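*Asks:* Quick one: this structure, given as structure tokens, is what I'll be asking you about.
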Amino acid sequence: MTNPYYAQTDIGPPYFWDMLPQVIKDNYGKWLYHEKVKPGVLKHVGESGDELYTVRIGSPRLLSIETLRWFADIADKYCDGHLRFTSRHNVEFLLTDAGKVDALIEELEAAGWPVGGTGKSLKNLIHTQGWIHCHSAATDASGPVKAVMDDLFDYFKKDDLPAKLKISMACCLNMCGAVHCSDIAFVGVHRKIPRVDDNGVANGCEIPNVVASCPTGAIRPNPKAKSVTINEEKCMYCGNCYSVCPSLPIMDPENDGIAIFVGGKVSNSRSGPAFSKLAIPFIPNEPPRWDSLVAAIRNLVEIWVKDAKKGERYGEWIERIGWEKFFEKANLPFTDKHIDDFIFSVPTFRSTTQFKFTK
Amino acid sequence: MTEKKRPLLDELKKGKWPSFVNEMEKSAAKKPVVNTLMDLVERSYEEKRVHWKHGGIVGVRGYGGGVIGRYCDLPEEYPDVAEFHTIRVNQPSGWFYTSDAIRTLCDVWEKHGSGLTNMHGATGDAILLGTTTDHLQDCFNDLSDNGFDLGGSGSNLRTPSACCGPARCEYACFDTLDLCHHLTNEYQDELHRPMWPYKFKIKISGCPNDCTSSIARADLSIIGTWRDNIQVNQEAVKEYVNNGFDVKEEVLAHCPCNCITFDEEKKELSIDDENCTRCMHCISAMPKALRVGKEKGATLLLGGKATIVQSAFLSWVIKPFIKLDKEDGYQELHDILERIWDWWDENAKVRERVGELIYRKGMGEFLKATGLEPVPQMVHHPRANPYFFWYPEDFAAEKEASEAGKEVAGSEVSE
Amino acid sequence: MADFTPEELRAKILEYLETKDKAKNRDIATAIGVSKREVDKMVNEMAKEGILEFLYLGTSYVKLKDK
């Protein structure tokens, strides 16, 4: 190879201070309060009396540089060249001139970028790579997310839900992102055990790592083949062995699909953070529009909107009415899949005579 | 090149939510490789299966992370995307950008890759999606020359991230952005050169609302809190009430500690702060009237992770309160963090997260190794079983105490 | 534990990696008889100089570049 030029390593990220608009530098750490002006618009007021408006749009996370450059132009036009992103794939435009807010919204909306997702609204749906880029995806990510957000679009634009609604999706059990603590989480799942390619395992995988990767002890060394065997009765199809060893493919077009979990949250507000729990064990993959998934999530959202008290997050609502009532209201079958049989199962069993009868 | 039809992806251009397919088409106008990508994804849609395989060894000189190798499993049919690697670019704290910084990133990525990005990945990095092995070093060079660096991947410190903190939030209990920037720069070796049993994630939230979801997905969750009283502005309370805000329904009814009272005649709130657990509900409901306290810092929680292998864990309290001062370079936090890393690196099995190690070894061993004090704030409740360890040093301490003529707590029970 | 100068440690690590396709830092440390932390530090230096590179196969390894 010729020459190569090697640029400096370990310079670290750009210094955030250089990215901040002047109004933020002036009021840094001295914000007094904020108001929700309307869905998608926040107003922060500093001790100085300075005002900062934030206009939030939802994005599909996968963005072309053409779009990013357009966002940069919009930031120049309305925001003295400043914008930020959120942990949920939103873009936020930061303005000081209240008079420009409506014109900015109009221009964003006209170009197809929805303003919303603040306060008691449906938040942007965080998700993973799916078929666009991941090797372990049990379902696509961008497609199902697009279909669900199209269907629930109005909830992103309004802020009159009982409480905020965070829906998240991960395309396999690796769950990149905080999917397992969302109001509604949908997750790509496998249902058949991995196939063992003995040659590949023998030549490309570290057997002890493969054995150790299994949460249920289903994998044993197979010294004869310098490979492994998988105990069908113990395997729970998590796919972690495939992450460690490419010669244990688990992907299965006919049997892979999506499971839905509900009632999780991360904030400490009122009740503490909580995991999402299983509501629907399996929905088949239905590209391109995932109709059954979309219908299932709409049902889950609507029963909460109808029944929850003001201020109740999804899980708080279920805790009040009881899980048995949740299954009744959601008209969902309760099956053996819903009862935990992994390592922390016993504390989830109902060890009291206090429960409600359901129809 | 003949345009292939993609009827399935076309279905996802319909509807009101912004379409990722439109984004791919915008990129494809300049980058034919994205047409190939769309053909491949269309095929995934037909076959209901992914067409990518594991990463090989790709990277830039001196780094063991930041680039994720990605290869198509049908390289003959889709040669343009036979290699389609990801580059993780470390975001500025709080994801604030100038328009020029965005344009710089775009220009580098137009030169070296597909023009597709994720803004941002779940860990926090700006993700540049799709390039070939021979572009990696040049792309890194251009990023570095323009002030950007790579984030983490593999068995190392992953890119720390922080909420917007004091830049745009009155709840911020410390400078989340500065701490995030500081830790990222202090631990460049740990970020870029894998040497640990597995990944380690740090997320920083300025208040218990935890906008970075740190408690669910960071090994170390740093969550802002305060230890004195919520600041009440009674004039603003009156204003809320006069505007029809129902304090009893919206605030008191939701207080998990029942520690707020409301005087309807005076229209005044009072808070029994000693019994408040700082959940943020009342402050979030009445941001004009209530503010976080003045003696601010953070709670440190450890062990959070997603499901694989030993179930998902939420991070748990290891230090109820820590001051986070820029002035001393966050020394106390560094000390604790490095003791945690030493113990974990020494004791963990391959791919064992720190939370799983504590589950296997016990909190007792963890606390001893790190010198952290056991306190009731660490647990929901004490153990309900009688299986606990006694160590030689316990007996030595007992002996020493009795020799000193002092009564040892608990010894009278054993009679 | 053996006490090496940086030059000696560097030579020992190179010598060890000559015999292996890839290795974990801990295994290098055990083989040479120094602390893992010392190996981590030296391996990082050598990676920055382009002498070593990292591998990720479910966990991390180092190897000689172009070996």
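*Asks:* Using alpha-carbon positions, what is the distance between the centroids of the range A:10-64 and the range B:18-92, in Å?
*Replies:* Answer, in whole Å: 32.
*Asks:* If exposed chymotrypsin sites (Phe, Trp or Tyr not before Pro) are those in a DSSP loop with at most 13 other Cβ within 10 Å, what is the longest stretch of chain B that has none?
*Replies:* My reading of the result: B:1-386 is the longest stretch.
*Asks:* Can you sort A:88, B:227 so the residue with the fewest Cβ neighbours within 10 Å comes first?
*Replies:* Lowest count first: B:227, A:88.
*Asks:* Now for a different question. Evaluate the distance, in nm, between pseudo-label points positioned 7 Å from the Cα of residue C:14 and of residue B:334 along their respective Cα→Cβ axes.
*Replies:* 3.3
*Asks:* For chain B, find the longest principal axis of its Cα atoms and tell me its angle to the long axis of helix B:392-403, 0 to 90°, nearest 10.
*Replies:* It is inclined by approximately 20 degrees.
*Asks:* Follow-up question, since we're still on this one. Using alpha-carbon positions, what is the distance between the centroids of the range A:140-193 and the range B:169-211, in Å?
*Replies:* Distance between centres, Cα-based: 26 Å.
*Asks:* Which of A:50, C:21 comes first, and how do the rest follow, when ranked by fewest Cβ neighbours within 10 Å? Don't jump to the answer; show the numbers that get you there.
*Replies:* Working: A:50 17, C:21 10.
Ordered from fewest to most neighbouring Cβ atoms within 10 Å, A:50, C:21 come out as C:21, A:50.
*Asks:* Just the projected area, averaged over all directions, of the convex hull on the alpha carbon atoms of chain B: how many nm²? Could you put the intermediate results ahead of the total?
*Replies:* Details: hull surface 115.3 nm².
Projected area, direction-averaged: 28.8 nm².
*Asks:* Say each of residue A:336 and residue B:375 gets a label point 7 Å from the Cα, pointing the same way as Cα to Cβ; how far apart are those two points in nm?
*Replies:* Each label point is offset 7 Å from its Cα along the Cβ direction, giving 4.8 nm.
*Asks:* Kindly express, to the nearest 10 degrees and within the range 0 to 90, the angle between helix B:32-47's C-alpha long axis and the longest C-alpha principal axis of chain B.
*Replies:* The angle comes out at about 70 degrees.
*Asks:* Go through A:43/B:296; B:203/B:368; A:265/B:294; B:31/B:199; A:192/B:305 and tell me which ones have a Cα-Cα distance over 32 Å in this structure. Please list the in-between numbers first.
*Replies:* Numbers: A:43/B:296 24 Å; B:203/B:368 25 Å; A:265/B:294 27 Å; B:31/B:199 34 Å; A:192/B:305 25 Å.
Check vs 32 Å cut-off fails for B:31/B:199.
*Asks:* Helix B:176-186: angle to the longest alpha-carbon principal axis of chain B, degrees 0 to 90, nearest 10?
*Replies:* So the helix axis and the longest Cα principal axis differ by about 70 degrees.
*Asks:* Which trypsin sites (Lys or Arg not before Pro) from the range B:83-122 combine a DSSP loop assignment with at most 14 other Cβ atoms within 10 Å?
*Replies:* The qualifying sites: there are none.
*Asks:* Right, something else. So what are the ³J(HN,Hα) numbers for the range A:50-58, from phi and the Karplus equation (6.51, -1.76, 1.60; θ = phi - 60°), rounded to whole Hz, Gly and Pro as x?
*Replies:* My calculation for the range A:50-58 gives 4, 10, 10, 9, 10, 10, 9, 10, x Hz in order.
*Asks:* For chain A, what does the helix formula give at 222 nm: sum of -39500 (n - 2.57) over DSSP H segments with n ≥ 4, over the residue count, nearest 500 deg cm²/dmol? Provide the component values of the computation, followed by the final result.
*Replies:* Details: 11 runs with 97 residues, N = 359.
Counting only the DSSP helices, I get -7500 deg cm²/dmol.
*Asks:* Then there's this: To the nearest 0.05, what FRET efficiency results for residue C:63 and residue B:76 with a Förster distance of 25 Å applied to their C-beta separation?
*Replies:* 0.30
*Asks:* If you don't mind, another one. For the range A:240-261 and the range B:237-287, what is the separation of their Cα centres, given in Å?
*Replies:* 49
*Asks:* Using the Karplus curve 6.51 cos²θ - 1.76 cosθ + 1.60 with θ = phi - 60°, work out ³J(HN,Hα) for each residue of the range A:130-139 in order, rounded to whole Hz, and write x for Gly and Pro.
*Replies:* Coupling constants for the range A:130-139: x, 5, 6, 8, 9, 8, 10, 5, 8, 7 Hz.
*Asks:* Now, a different point. Which of the GluC sites (Glu not before Pro) across the range B:288-352 are loop residues per DSSP, with 16 or fewer other Cβ within 10 Å? Mind dumping the intermediate values first?
*Replies:* Values: sites: B:295, B:327, B:332, B:338, B:346, B:352; in loops: B:295, B:327, B:352.
The qualifying sites are B:295, B:327.
*Asks:* Which of the GluC sites (Glu not before Pro) found in the range B:1-101 are loop residues per DSSP with 10 or fewer other Cβ atoms within 10 Å of their Cβ?
*Replies:* B:3, B:76
*Asks:* What fraction of the DSSP beta bridges in the protein assembly as shown is antiparallel, stated in percent and rounded to the nearest 5?
*Replies:* About 85 percent, rounded to the nearest 5.
*Asks:* Residue by residue through the range B:309-321, what is 3J(HN,Hα) from phi via Karplus (6.51 cos²θ - 1.76 cosθ + 1.60, θ = phi - 60°)? Round to whole Hz and write x for glycine and proline.
*Replies:* 9, 8, 6, 6, 10, 8, 4, 10, 5, 10, 8, x, 8
*Asks:* For A:65, B:204, C:32, which order do you get if you count the other beta carbons within 10 Å of each Cβ and list the fewest first?
*Replies:* Ascending number of Cβ neighbours within 10 Å: C:32, A:65, B:204.
*Asks:* Which residues' amide hydrogens lie under 5 Å from the amide hydrogen of residue A:37, considering only partners 5 or more residues apart or on another chain, with H built in the peptide plane?
*Replies:* Residues meeting the criterion, in which the H sits 1.01 Å from N, are A:42, A:43.
*Asks:* Please report the antiparallel percentage of DSSP beta bridges with both residues in chain A, rounded to the nearest 5.
*Replies:* Details: 37 of 44 bridges.
Around 85 percent antiparallel, to the nearest 5.
Values in this text are rule-based calculations from the coordinates and carry no lab data. Because the structure is a prediction, the values reported are computed rather than measured. Note that we place each Cβ from the backbone using ideal geometry, even for glycine, and neighbour counts take in every protein chain shown.
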